[in-house]
Structure formats: structure tokens, C-alpha cells
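Presented below is the structure to which this report refers.
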């Protein structure tokens, strides 16, 4: 196995960090692929290079070099559904952090507090369950904070320890608070942007006034900023555009120069050193004005969705953007040009894995929900570094990956099967229309048909392909309502009519035995797909979430209620003695070590079940995993939302030893 010498310094730096901690008790080490959804920034007021980063999966990262490298600090509430859009750092005590969170499609969230720089967190009991969409501290008194929730505006006067509602309880106007700002000199003056126009109080919430003059009706107000040196100057961004007031919100006027299609401006940020420069982060890129809003220039591609902007107060040429899918972007020229800056930060949802038959260190993973920023990532060093190779996928989600017998890489996507040509992806073959099949009787008198090759083409197969499996020759694709197969390494495909309409999600092949299934069905073929038998579902499981076969042809199934296996083709099912697990989400046969690798969505344990004696080894990974795969003599885990993690044993693996030998 050969590896590029240019990667040696990077690898040895990694090994130096992790070698002393090699143990199953050590959390597995994250290795990308870098990027994903980044939501918010906050900076240490005493160290402008110390920046915090909030994500959409409950994780907080920090950087000590201005965002060039990131490290995960913690996961709030041990949940993966908390969106961190607001982080406040106490100016008097930078180890005191206050974070507001919310949950997508659910009225939930809260406020979390850390007093040790983000290592440990406690949840505010008074704010538990409140969907916090905005949070800010008073520039003149940092013990005063205000939080915007779906049910109103809350204030704390003791650094976030206690909170009280300061907007009218049950108000039909001042609710669904999306943005907040406090006057730089008077903490009693508070601006609140709602999903339906802005409001203002000058007496700490005792009385509120609508400040909608000049703003289009029913405008969602995403961001409000007040000029720190000239508090009468107020900017507000809304779904209808950007507005500016010169009289503390009494009257707003529409800012011109930003295209109407980019009017959803999620964040406004003023350069702390140059008040005339304002950044507008929109759903169609970053706009910058250097003349206080008279003219605007877009400085990123229009497909960049921006959630937050950080401008270094000591070096304003240094600008960071938190983006959807693309992670963090960095500028060193004041926001005119940007580059990716995601080293150490990964919020990827890994869906699938494939490994080269020829060079085991050459692996690929598929990603979902990242559109053009996702697709497929490849590694030539066993998962230590990754390169995006998604040209031709056009933003498709990748649900499954497979190496064919000749080592061709196939991807099952949400719109068909694709083949990697070495440079880009191309749609893999045509779907052949069904020829007149031979027919015969199968189990329980059901009629089963054997598909025969056809020369008539009916077009490309464009359905979602959830699983790919192969015996080295024939390739099977579980594609929802259809099971399709290819006898030509993916150059052409044909349907298997008896398997139509079963909502197929899983596929496994062991010799001539083919096992496929959906959420509520399992089918087995013992003759390479010519005939099929419907298998009775395990009574222990309400829904299937994982399906596999071991190297003796035994069936394995998993679901919310646990793990079962069958030695008689599904006639009966049984559990592993003394293995009490639930929420099983993957089962994989590790042929080299004759074991089944099992993961669960929670807790952070993974399991290796030896074959045939079923001895169980427990592995504490430190992560909620989606699946496990062997790479050489260590394991790679795909997390639910944090990319790839590698087993600590990788430090003594054949791959790292090969690097050392190459040196």
C-alpha cells in the first residue's frame, strides 16, 4: 500500500496528539469531511482571535486562531436537534458564556450557561422549553441580557441566572421575536424584531411602541443593529428588504441596491472600526456597503446562504461568514474575497460508505442534505483527509455507495444511480423495459418471475436508490417501489417485477442469497434473484431500520426495539442473550474479522458481535453513530451529524505504519 509523502507531516502531527490516549475509553477522533451548516459566531472580548461557533446540531466549536482551525467544545443538552443561533460572551468574564437555542419544526429550546469557557453547561430552568430566536447583552452593562422567544421578550439583570418576561403576556403583537438590539448607552432602550414588524421600548419593557413606519406590512424582521457611536442610526433587515432609520426607529426608509431576489437578509453586521461599512448576509450571498447603505456590492456567489458575520474588531480586514452547508468562509481583505476555513469543523450527515478492493485506504463517503456542498467525499489515507468529488451529481443526496467487482464506484442518489468516471459522475446506464419473463411458483403459491435481459430501453432510472449490494457480478439496488439489478456493472438495469411496491430500503448479498427489505417487509432469494420468498417480519420489531446477512447466510434485523437474528431464513427470530439495546440503525458484516458491527442512534456505544459464538464487544465511541465500517485494522464511524470519526486504534494501524515506513 503506497501513500503520498506530502501527507506525512499532517499525519504525524495528528498522531502526536492522539498516540498517548489510545484506548477504547477514549472518544473516537473526528476527521471531517469539513464543512456543513454553521449558524453563529461570538468572540472573546479580551482575545479577538478566540472565536466561538454555533451549529444546527447542538454542538459548539471554538477557534484560537481567528477561525483557521476549529475544535468541538461540547454538545448542549446531549441533543442533536438544537439550533445555536445566539452566543453571548461576558465582557467582564470571558469564561462566562450564555447561549440561546431553538428546535426546527418544534416549539422547544432554551438557554444554556457555561462558566468554564464552554467545557461544561447548565440549562436555565426558567427558560427551558422556550424557543430562543434572539439573544443579546447591553453594551453599557453586560449583566443585562434580553432574549427573544416565540412567546415574547425576556430579560435578565444577573448575567443569565434569572429571567422575567418584559413584553405583555399573551400579546398578539409582540411575540415570535426573531431579532433584538439594545441601545449602546441606555440598556432600557430595546428594539425587537418579530415575524410581523419591529417594536421598541424605552423603559425596559414597561411600555412598547410599534416602529413600522416606512416598512412594508407583515415583514419578518431578521436582524436589527444600532450604530454604537450614533445610536439614532438603526438598520433593520426584513423579508421585504433592508431598512435604515436616522431617528432611532421613528421612520425607516428602504435601502436600495440589493436585488429583490436576495431580500431575505438574515443578518446585518457593522464594521466595528468603520461605521460606513455594513455587511448584509442574505439567502443569496454577502452584500457589502462602504457608504452606509447607499450602494451595495455582492462579494460571494449567489448560492451562498449566510447565517452570521463576524468582523474582527482589531483587524477588520478579517471577516468570517457562517453559511448553510459550506461551513465557515474567511476573508482577509475586508470581505471582498473569501475562502473555506473549516479545518476541524464538520457538521456532515454521512449516509454511506465504499472501500476500494485494490487499495483499502481509498474510501468514499456519501452525504445528504448538503446539495452542491455535499455529494461524495473521497479519502486516499483511510479517512484522515477528504476531498469533495461531486462534479456531475448536481446537488443530489447520496444514499448509498458501492464498489463493483471491477472497483468502479457507484452512487445511489435521490434521483438515480451514478458512476464515477475518475473525474466526474455520470448517470449509470439505462433502465431496460421488462421482457416477457419466465414464470414459476414460489413459496406460499405466490407467482414469482425471473427477469431476462432486454434490448429495449425505457430511459434512465430516476428514483431514489437507498441501498446497493453486489455479489461481485450482479448489482442489486433497493429503490423504494422497485428492486432493480444490473448484470453489466451498472451499464444497464432492469426491474424485478415481483418486488414492485414494497418500499425497499435495504439490500444485502451473500453468495447467491439476496436479502432486501423495507420498513415493513423482508424478502429473500436463494438463487441470485430468480425466485423470491416473503419472510415473516420479526414480531419483536414494529419497524425495520437495519437489515443484513452474516457469512453463514443467517438473517439479521434491527429496529427501535432492538436486534434479532434468524438461522432458518426467517421462520423464527431470536435475540443475543444479555444484549439489551434499542434504536438499532445499522448492521454490517465485517467479513475479515467474522463479526457483525452494530450501531444504535443512542447512546454512544457501538457493538461487535463475533461469529458464530455471538460474543459481544462493547465500544464507547463518544459519538452517536449512524454506522461502522472497517478500514484496515481500525474502524470508521459515521456520526449522525458530525461527519466521520476514527477509532483510536488507527494510531497503530497498518495505514499509519505504512506512512512511517514511507518516511
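Read-outs: derived from the displayed coordinates by stated rules, not from any lab. Note that the structure is predicted; figures quoted are calculated from it, not measured. Positions of Cβ are backbone-derived with ideal geometry, glycine not excepted, and every protein chain shown enters the neighbour counts.
Could you line up 564, 644 from fewest to most neighbouring Cβ atoms inside 10 Å?
Neighbour counts put them in this order, fewest first: 564, 644.
At 222 nm, what value in deg cm²/dmol follows for the chain if DSSP H runs of at least 4 each add -39500 (n - 2.57) and the sum is divided by all its residues, to the nearest 500?
So the calculated ellipticity at 222 nm is -1000 deg cm²/dmol.
Taking the Cβ-Cβ separation of residue 552 and residue 487 as r and a Förster radius of 22 Å, what is the calculated FRET efficiency to the nearest 0.05?
Once the sixth-power term is evaluated, E becomes 0.25.
Does the chain come out rounded, prolate or oblate, given a ≥ b ≥ c as the square roots of the eigenvalues of its C-alpha gyration tensor, rounded meaning a/c under 1.5 and, failing that, prolate meaning a/b above b/c?
prolate
Measure nothing fancy, just the Cα-based angle from helix 8-18's long axis to the longest principal axis of the chain, in degrees from 0 to 90, nearest 10.
It works out to around 80 degrees.
Taking a point 7 angstrom from the Cα of residue 229 along the C-beta vector, which residues in the range 179-218 have backbone N less than 19 Å away?
183-186
Taking other Cβ within 10 Å of each residue's Cβ, how do 179, 143 sort, fewest first?
143, 179
For 62, 481, which order do you get if you count the other beta carbons within 10 Å of each Cβ and list the fewest first?
Ordered by Cβ neighbours within 10 Å, fewest first: 481, 62.
What nm distance separates the two modelled labels at residue 414 and residue 594, each placed 7 Å from Cα along Cα→Cβ?
Label-label distance for residue 414 and residue 594, simple model: 4.3 nm.
Report the gain in length on full extension from residue 620 to residue 295: 0.36 nm times residue separation, minus Cα-Cα distance, nm rounded to one decimal.
Stretched out fully, the residue 620 to residue 295 stretch lengthens by 111.5 nm.
Please label the shape of the range 221-335 as rounded, prolate or oblate, based on the square roots a ≥ b ≥ c of the eigenvalues of the alpha-carbon gyration tensor (a/c under 1.5 means rounded; beyond that, a/b larger than b/c means prolate, else oblate).
Here the range 221-335 falls in the oblate category.
Does the range 88-131 come out rounded, prolate or oblate by the C-alpha gyration tensor, with a ≥ b ≥ c the root eigenvalues, rounded set by a/c under 1.5 and, if not, prolate when a/b is larger than b/c and oblate if not?
Verdict is prolate for the range 88-131.
Using 7 Å Cα-to-Cβ label points, what is the residue 207/residue 126 separation (nm, one decimal)?
That separation, rounded to one decimal, is 2.5 nm.
Using 7 Å Cα-to-Cβ label points, what is the residue 78/residue 250 separation (nm, one decimal)?
If labels sit at residue 78 and residue 250, their model points lie 5.5 nm apart.
Kindly list the residues of the range 543-560 that lie in the label zone of residue 503, defined by a backbone N under 11 Å from the point 7 Å along the Cα-to-C-beta vector.
543-544
Hey, what's the Cα Rg ratio for the range 86-192 versus the globular rule of thumb, 2.2 N^0.38 Å?
1.00
So how long is each side of the range 206-268 along the principal axes, counting just the alpha-carbon atoms, biggest first, in Å?
Largest to smallest, the principal-axis extents are 36, 26, 17 Å.
Label 7 Å along Cα→Cβ of residue 372; the range 395-416 residues with amide nitrogen under 13 Å?
395-396
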